[in-house]
1. Along the positive direction of the dipole of region B:186-243 (beta-carbon charges: Lys, Arg +1; Asp, Glu -1; about the Cα centre), which of B:Gly193, B:Thr243, B:Ile215 reaches farthest?
2. To the nearest 20 debye, what charge dipole does region A:51-140 have about its Cα centre, counting +1 at the Cβ of each Lys and Arg and -1 at the Cβ of each Asp and Glu?
3. Across chain B, where is the longest run that never hits trypsin sites (Lys or Arg not before Pro) in a DSSP loop with at most 13 other C-beta atoms within 10 Å?
4. Ballpark to the nearest 100 Å², how much total accessible area do A and B bury together, probe 1.4 Å?
5. Cα atoms only: what Rg and Dmax, in Å, come out for chain B?
6. On a 32 Å Cα-Cα criterion, which of the cross-link pairs A:Lys228/B:Lys77; A:Lys138/A:Lys207; A:Lys138/A:Lys238 come out too long?
7. Please give every one of the aspartates and glutamates within straight-line cross-link reach of A:Lys158, meaning a C-alpha to C-alpha distance under 12 Å, and leave out same-chain neighbours fewer than 8 residues apart.
8. Projected onto the charge dipole of region A:172-266 (+1 at Lys/Arg Cβ, -1 at Asp/Glu Cβ, origin at the Cα centre), which of A:Ala253, A:Leu186, A:Pro209 gives the Cα projection farthest towards the positive end?
Amino acid sequence: MTFASKNHKQSTVSRERDFYLCYSYNMQGNGRQSMNKPSYDLPVFEEPQDFRSSMHWRIFRIMAELMDGWQFLADFRNNVAIFGSGNIDPNHAWCKEAEKLGRLLTEEGFDVVTGGGPGIMEAANRGATTAENEVRGKSVGLNIKLGRKVRANPYIEKSTAFHYFFVRNLMMNYTGRAYVYFPGGLGTLDNLTAIITLIQTKKISIKVPIILISHEFWDPVARWIVEKMLNKYNAISKEDVDLYVIVDTAEEAMEYIRKSPIRNEF
Amino acid sequence: MANIKKNKLNIPASALPFVNELDDFRSSMPWRMLRVLGEFVDGWQFLGDIEKSVTFFGSARFPENDRWYIESRRLGKLLSEDGYDIITGGGPGIMEAGNRGVDDARKEQTHNERIGRSIGLNIQLPYEQRINPYVEEAMGFHYFFTRKVMMAYSSIAYVYFPGGFGTLDEFFEVINLIENHKINPDTTIILIGKDFWELLLEWFEKYLYEHHKFIPETTRYNYQLVDTADEAYAILKERLKNTKPKRIM
């Protein structure tokens, strides 16, 4: 309540400082439970200079992103998510494989969902648009807004962009019928471990296949998981290492994808 | 709903098709949206008072006499004696050890020095609700992602003990967020347990940095690998000395 003091001048303090004061008034000697009061007793609250930086606004923004995401995804119920590095030479064999997989998937009527960026994602989207059937799956991109730019590749037919990483991850994890991971960096690893955790804790169906492409890239990690996590440290169960498969080609991946049941999570 | 054509829902409310209420309103999509929001509001309301905290991750399966349990307990004690709140997932194993360290510190408290709080951000799993007895303040989440946002959101330092997929997930998520400038790049990340993490980090070096350059090489300065609680404490003390309390959420 001491917050709106006379010394506090909006014009002279930086926005950051302003913000700090706004959210810390209840810490200034009032004790932790100070917000548990009837509303007429709550301290006066000053708006920060930019309303978008307030906590309330951010919750609304999250809500808007969730709604947009679900609204968007409701049309793509039969989709397969493809992940992989955005930072890879487009002529690399893995990119060719991603392109082939994208084409095979849309030919059989699956929608291809990627992160919408360059590299593997672009290759998969490009492949998805090259299927020559009359009725084929769509090439879908769930982009991320980084800084001021949205990075979207030119082969996306339907796309949406998110500010929050976790909303994008959530949308990716929400509807995929199968998950395919090409070699990739932190984003790929993040999503892979997230989906394994969700299946392991039975938050999503155990029948959703997780397919890792390239023995060369993934084998060392798989070996580490078995040797250290499972055998030496007992941090996971024996059946958890069966949640994913490693293959080398798009055709092998297709076999697992065809066997997967449709997700009815919506 | 089933026979409405796709993309035909862009019409005034008066013309929208009639929708039957589901048997249980909790399984409807709008309700789930509200539940997600409810978890966000609850979570931030709960975390709003935290000024400086360190989050511990690690396996839920380590027993009391395990080396890493003991290290985690010791680190929890050292940090809470310095006034840092300890946040864990509220489960057993490493999480319990971290919370228990705070309990140890409180038992040995002689003067009225400030001891950090012991906080558990728990997850409600279908087959178990596992909260350890050393958590002083807890909040349970239904959704993994809200819990993860709260975790990635609240602390100025993250400590990773050996663990399973959940631990790995948190590690990748936090370094990914730092890499993409979504959270403060000064956030301290410490991996404990050379035997456990070394092989993975070698793979990082070989495949991700050098061979394929999937991630910028500077990422490797975002985390540090140590072997004991005391080493971790020394680094944290040095790095956190100048860190501002995290008030801007």
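The values are calculated or read from the model by the stated rules, or taken from the named source; none is laboratory data. Everything numeric in this text was worked out from a predicted model, so none of it was measured. Positions of Cβ are generated from backbone atoms using ideal geometry, with glycine treated the same way; all protein chains shown enter the neighbour counts. These area figures cover heavy atoms from the full protein model, side chains too; ligands, DNA and RNA do not enter into them. Shrake-Rupley method; radii C 1.70, N 1.55, O 1.52, S 1.80 Å.
1. The residue sitting farthest along the positive end of the dipole is B:Thr243.
2. Charge dipole of region A:51-140: 380 debye, to the nearest 20.
3. Counting at most 13 other Cβ atoms within 10 Å as exposed, the longest clean stretch of chain B is B:115-240.
4. So the total buried area for this chain pair works out to about 5900 Å².
5. Final numbers for Rg and Dmax: 21.2, 71 Å.
6. Result: A:Lys138/A:Lys238 exceed 32 Å.
7. Here the aspartates and glutamates satisfying the reach criterion relative to A:Lys158 are A:Asp75, A:Asp111.
8. Result: A:Pro209.
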